[in-house]
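Only the coordinates and a few stated rules stand behind these numbers; no lab work does. Every value quoted in this text rests on a predicted model; they were computed, and no experiment measured them. Cβ placement follows ideal geometry from the backbone for every residue including glycine, while neighbour counts extend to all protein chains displayed.
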Amino acid sequence: MDITPIVKAIITLLCAIVTAVIVPYIKSKTTATQQKKINEWIKIAVAAAEQIYKGVGRGEEKKAYVLAYLAEHGIELDEATIDAMIEAAVYALNNGLLITTEEESK
């Protein structure tokens with residue numbers, strides 16, 4: 001009895017499952033991990049900028065520092081997304097809500 005067609009069908013089915021389920025799952029996890037890393041870098045950069053450029057009216061210097069810091073770490077997103085993430089981190093910092101990954105895991 002030749003089982004070659006059955007084996008081929010099973011292999012095709014497994015490939016379809018891997019393509020349809022496992023690959024998107026891995027991609028979604030990578031994206032989530034990358035997003036977490038980006039958020040952490042932004043928190044660090046915002047906190048550093050706030051410490052370095054103290055005083056009122058220095059927002060442009062702070063933002064330039066954050067953007068340069070992110071670029072140094074290979075983080076490239078569209079301007080609107082980065083602006084929103086920076087604003088969220090500044091808000092969190094100013095309201096005592098800025099939490100690092102280490103603190104989140106406690």
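Relative to the current alpha-carbon distance between A71 and I52, full extension at 0.36 nm per residue lengthens the span by 5.0 nm. Projected label points at E40 and E87, each 7 Å from Cα along the beta carbon direction, are separated by 2.6 nanometres.
Working from label points 7 Å from Cα in the Cα-to-Cβ sense, the I6 to A64 distance is 7.3 nm. Segment D78..V21, full-extension length gain: 17.6 nm, with 0.36 nm per residue of separation and the alpha-carbon distance subtracted. Remark: K62, K36 ranked as K36, K62, counting other beta-carbon atoms within 10 Å and listing the fewest first.
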